[in-house]
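Structure first, then comments.
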Amino acid sequence: MLIRENRVKKIRFPLSRENHMIIDLRSDTVTKPSKAMLDAMLSAQVGDDVFREDPTVNTLEERLAKLFGKQKALFFPSGSMANQVAIKLHTNPGEQVICDKYAHIYNYEVGGVAFHSGASCKLLDGHRGMFTAAQVKEAISPSEYYYSQTSLVEVENTTNKGGGACWDFGEIEKIKEVCKTNNLGFHLDGARLWNAMVAKNETTQQYGQAFDTISVCLSKGLGCPVGSVLIGNEDIMKQSLSLRKLFGGNMRQVGYLAAAGLYALDHNIERLAEDHQRAKEIGAVLASLNTIKKVEPIETNIVIFELNDAVDEAEFLNKLKEKQIHIIGMGSHKLRMVTHLDYTAQMHEQLIEILKRF
Ligand SMILES: *Cc1c(COP(=O)(O)O)cnc(C)c1O
């Protein structure tokens with residue numbers, strides 16, 4: 001009897017939420033493959049990729065290499081692994097990587113730069129995850145023998161912790177010149193490069209010309225279940241296959257996943273503009289709330305905002321959760337929302353209504 005009563009209570013309690021769908025804005029990684037993407041995956045031709053015999057993987061790699069005007073591309077199970085292999089390709093133990101203090105490779109890859117490459121990060125104090133060519137120039141180690149030698153500069157576009165900010169391509173070109181003059185490698189963490197290119201109307205060829213190596217993610221904005229790709233010319237990529245094996249990332253009939261990537265390249269890039277538009281609309285509503293101190297400028301699909309000092313963060317998050325809205329905290333009283341392929345027009349309408357009354 002008791003159990004039954006509890007059950008009734010449990011069913012009754014959330015009645016007010018019943019007509020709310022779950023709105024998950026924690027990250028653009030929460031997307032699930034669409035029916036059409038699953039169909040493409042199911043009909044993929046596959047083979048053993050360790051023997052380099054998976055035709056779909058080979059097609060994806062060739063297509064991405066060509067897209068960026070490079071000679072080679074390699075499919076990876078994660079963006080972190082693609083970045084870490086890239087760093088290893090560019091550095092020797094004891095050397096230094098110049099990157100922003102917000103960089104994903106420094107903050108969110110478990111100290112992999114030190115662990116895998118025995119290298120250290122020279123952190124730049126940039127703006128929203130972006131820095132200048134002048135800052136890079138100044139950070140390069142002098143040539144005296146007792147310094148840690150600088151060997152790589154790393155840029156992230158869009159910047160994750162920087163709130164989806166997009167680089168000014170002119171500054172990237174200036175940094176490229178500094179790298180060339182000083183014989184430094186230049187790597188792009190392009191987990192959300194697709195967002196930057198759509199927002200700023202830029203091309204893959206431009207980025208291919210600017211950087212030595214580029215990692216791009218297929219499972220964020222593009223909606224694939226798995227996959228990142230590292231792109232570069234033959235000379236720098238020579239060891240990439242054996243390093244991927246060393247890192248435990250060689251896979252077999254992985255064409256099923258590569259097929260999702262090919263589908264995404266055809267269908268899911270232009271639509272990122274929708275995510276950007278919705279993020280801007282969310283930002284406008286947030287800016288009007290008196291619980292919120294500041295909304296960071298929104299260029300792509302990431303909305304970072306800061307609560308007023310008097311507002312309790314946990315309580316704020318819980319109140320959203322009661323409305324079936326899931327977002328995450330970034331520390332320092334800042335919260336993040338990320339729009340994506342599975343965040344529909346209907347969800348958007350509902351979220352805006354809820355936020356307006358918040
Ligand atoms: C998500 C992300 C990565 C790593 O991706 P995983 O596939 O989760 O390892 C790398 N860089 C940036 C900027 C990211 O946002």
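Listed by position, the strands (runs of 3 or more DSSP E) inside the stretch 53-161 whose residues that are in the same structural domain as residue 236 (by TED's automatic domain parsing) and buried (at least 23 other Cβ atoms within 10 Å of the Cβ) number at least 1 are 72-76, 96-100, 150-156.
Among all residues of the stretch 204-211, there is none that is in the same structural domain as residue 65 (by TED's automatic domain parsing), in contact (Cβ under 8 Å) with a residue 60 or more places away in the chain and in contact with a Ser or Thr (Cβ under 9 Å, 6 or more places away or on another chain).
Being within 11 Å of the ligand (Cβ to nearest atom), over 19 Å from residue 302 (Cα atoms) and at pLDDT 95 or above narrows it down to one of 219, 228, so name that one. Quick ask: steps written out before the conclusion?
Numbers: 219 fails: over 19 Å from residue 302 (Cα atoms).
Result: 228 is the single residue among 219, 228 that is within 11 Å of the ligand (Cβ to nearest atom), over 19 Å from residue 302 (Cα atoms) and at pLDDT 95 or above.
Just one of (1) aliphatic (A, V, I, L, M); (2) under 17 Å from residue 347 (Cα atoms); (3) surrounded by fewer than 23 Cβ atoms within 10 Å (Cβ to Cβ) fails for residue 269. It is (2).
Looking at 101, 122, 137, can you tell me which residue is within 16 Å of the ligand (Cβ to nearest atom) and over 21 Å from residue 238 (Cβ atoms)?
Of 101, 122, 137, the one residue that is within 16 Å of the ligand (Cβ to nearest atom) and over 21 Å from residue 238 (Cβ atoms) is 101.
Residues in the stretch 324-353 that are of a type outside the set (D, E, K, R), without any contact (Cβ under 8 Å) to a residue 40 or more places away in the chain and out of contact with any helix residue (DSSP H, G or I) (no Cβ under 8 Å at 6 or more places or on another chain): 331, 332, 344, 345.
Residue 318: of a type in the set (S, T, N, Q) and either under 19 Å from residue 24 (Cβ atoms) or touching a residue at least 60 places away in the same chain (Cβ under 8 Å) (or both), yes or no? Spell out how you get there, then give the answer.
On the way: of a type in the set (S, T, N, Q): yes; either under 19 Å from residue 24 (Cβ atoms) or touching a residue at least 60 places away in the same chain (Cβ under 8 Å) (or both): yes.
When the stated conditions are applied, residue 318 passes them.
Look at residue 310 and say whether it is among the small types (Gly, Ala, Ser) and under 21 Å from residue 157 (Cα atoms). Answer is no for this residue.
Any idea which residue in the stretch 187-206 is nearest to the ligand (Cβ to nearest atom), counting only those that are over 16 Å from the mean Cα position of the chain (by Cα) and not in a helix (DSSP H, G or I)? Lay out the reasoning, then the answer.
Going through the stretch 187-206, the residues over 16 Å from the mean Cα position of the chain (by Cα) turn out to be 200-206.
Add one more test, that the residue is not in a helix (DSSP H, G or I), and what stays is 201-203.
Values: 201: 21, 202: 17, 203: 20 Å.
Here the answer is 202.
Residue by residue, here is whether (1) surrounded by 20 or more Cβ atoms within 10 Å (Cβ to Cβ); (2) touching an Asp or Glu at 6+ places or on another chain (Cβ under 9 Å) holds:
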| position | (1), (2) |
| --- | --- |
| 182 | no, no |
| 186 | yes, yes |
| 198 | yes, yes |
| 214 | yes, yes |
| 231 | yes, yes |
| 234 | no, no |
| 237 | yes, no |
| 243 | yes, no |
| 254 | yes, yes |
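Evaluation of residue 155 against the conditions (1) under 14 Å from the mean Cα position of the chain (by Cα); (2) under 22 Å from residue 305 (Cβ atoms) shows that the sole unmet condition is (2).
The values are calculated or read from the model by the stated rules, or taken from the named source; none is laboratory data. Given the structure is predicted, the values throughout are model-derived calculations rather than measurements. Using ideal geometry, Cβ is built from the backbone for each residue, glycine included, and neighbour counts are taken over all protein chains shown.
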